[in-house]
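The values are calculated or read from the model by the stated rules, or taken from the named source; none is laboratory data. Everything quoted here is computed from the prediction, not taken from an experiment. Every residue, glycine among them, receives a Cβ derived from its backbone with ideal geometry; neighbour counts consider all protein chains shown.
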Amino acid sequence: MLRLNFKQMAKKITKRSENYSQWYLDVIEAADLADNSPVRGCMVIKPNGYAIWENIQSVLDKKFKDTGVKNAYFPLFIPQSFLTKEAEHIEGFAKECAVVTHHRLEMDEKGKLVPAGKLEEPLIVRPTSETIMYHMFSKWINSYRDLPLLLNQWANVVRWEMRTRPFLRTTEFLWQEGHTAHATKEEADARTMQMIDTYKEFAEGYLAIPVIAGKKSESEKFAGAEYTTTIESMMQDKKALQAGTSHMLGQNFSKPFEVKFLNQESKEDYVWQTSWGVSTRIIGAIIMVHSDDNGLVLPPKIAPIQVIIVPVWASDEEMVKVFEKAQEIADKLKEQGIRMEIDKRELRPGPKFFEWEKKGVPVRIEVGPKDIEKNSVVIARRDMGTKESVSENDIVMDVLKLLEDIQDNLFKRALEFRENNTHTIDSWDEFKNVIENEGGFISAHWCGSAECEAKIKEETKATIRCIPFDQKKENGECVHCNKPSEGRVIFAIAY
């Protein structure tokens, strides 16, 4: 067996309590999720990270299709003139747009490559696809019989970010964007709510991330939308992260893009539209909600590898026996649809255990000669760092139950953390004190004024994350200006 120095393999992960930002970067590196790109602000998503995204895609794609949505693909490049058709939309994205002005390179007299072939019209590298999609919608939709049109695309987008962080905010990122067109406002409203409910169920049921669903304030809504719905989650540093959004666009895009149809009365009308999306930033949320000072922690339902089997041996004869037993166990687990691997590398057990712990695999099974003699195996759970010996006869049922227990425990742990760090505040001094010294979510009254909202943000950096759907109507006074308020909203400092 190859003997490696354990300390050489163990790069220290910064503790969350010491430097949360560095801890986050260390976990990504230790779990081998992503690497820096030579292009500023971009990242290379490595196989371990992309496998998580593939699982997210797989689950969400089915959920979308179950509601009647179909996948399509639209061009990466958008004519600049398309963006100018919806003034509020372009104002929201103008500073983040990457612009293509030439279509080739040529050698100059000094032998240097220079741009050539200037385009008649600049092209925008898509920051989002409303404009290019709705140009096509105007060609495809003619009658009420063509509605509803329910499309989604899995794609990359570019937003020229000045300050970036892997997964959370990058110049280029992956996402899905759904776009629908309807004959009535009521249908579009229903689709908007249906999709935010889908995201909430996915975040809580698969990612074990508790979220608060609600509407964005007018100042925080998507550029060009009538209103935006959102799911907001709390990270372990008590900051908020927007995990998914669904927008009711009304007729704000159908009118400038001439997306019209003949209704059942043979009268021409504009369609009502929605758009909704989740991006790779959700992987950042998984990391920051669940992981610990030993590395990544993954919810079993989304983990690429749910169970890692580690054979332990000291001689060639023992190796043959433990490999055979490991394969037997693997076959049983595979029959039940459990995603598993066997680590057959010739490394000492300690470094293997440490590596899989850093990579966040929910369950580790250790199989050695003594375990075989006792007809048992050792099972370790990543979320709690505990392990126990169990009978091999019960291995499948034990693993299935353990995966379920880990999924439930991660959600309950995250929910308890959020509840313990959510503060009901009624005075401005207390509001500032919590933001400066404690952090977390603040439930406070707000008068509904955009001016007041802006002053709160200016003075504390806290923003209204959402107006919860389950907001209780109660008379109160705005936490900042003391004007009348009809209910509490959620404030927090956010990523």
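The residue list THR198, THR184, THR164 contains one member that is among the polar types (S, T, N, Q), farther than 26 Å from GLU54 by Cα and in the same structural domain as GLY68 (by TED's automatic domain parsing), which is THR184. Of the candidates GLY214, GLY117, the single residue that is assigned by TED's automatic domain parsing to the domain that holds ALA34 and either in contact with a helix residue (DSSP H, G or I) (Cβ under 7 Å, 6 or more places away or on another chain) or buried (at least 16 other Cβ atoms within 10 Å of the Cβ) (or both) is GLY214.
Note on segment 425-456: residues that are within 30 Å of ASP383 (Cβ to Cβ) and either at pLDDT below 95 or not in a helix (DSSP H, G or I) (or both) total 6. Just one of the numbered conditions (1) part of a loop (DSSP other than H, G, I, E, B); (2) under 21 Å from THR171 (Cα atoms) is not true of LYS11: (2).
Residues that are in the same structural domain as GLU268 (by TED's automatic domain parsing), part of a helix (DSSP H, G or I), within 18 Å of GLU258 (Cβ to Cβ) and at pLDDT below 95: does segment 137-147 have at least one? No, because not a single residue in segment 137-147 is in the same structural domain as GLU268 (by TED's automatic domain parsing), part of a helix (DSSP H, G or I), within 18 Å of GLU258 (Cβ to Cβ) and at pLDDT below 95.
The condition of being at positive phi and crowded, with 18+ Cβ neighbours inside 10 Å does not hold for GLY337. Taken over segment 37-74, the criterion of being surrounded by 12 or more Cβ atoms within 10 Å (Cβ to Cβ), free of Cβ contacts under 8 Å to residues at least 60 places away in the same chain and of a type outside the set (Phe, Trp, Tyr) is satisfied by SER37, VAL44, LYS46, LYS65.
For segment 377-390, the criterion of being in contact (Cβ under 8 Å) with a residue 24 or more places away in the chain, outside the structural domain of TRP446 (by TED's automatic domain parsing) and part of a helix (DSSP H, G or I) is met by none of the residues. Please verify whether GLN236 is of a type outside the set (Ser, Thr, Tyr), surrounded by fewer than 18 Cβ atoms within 10 Å (Cβ to Cβ) and modelled with pLDDT of 95 or more, treating the condition exactly as stated. The answer is no for GLN236. Could you run through segment 101-133 and say how many residues are charged (D, E, K, R) and closer than 18 Å to PHE257 by Cα? Count: 2.
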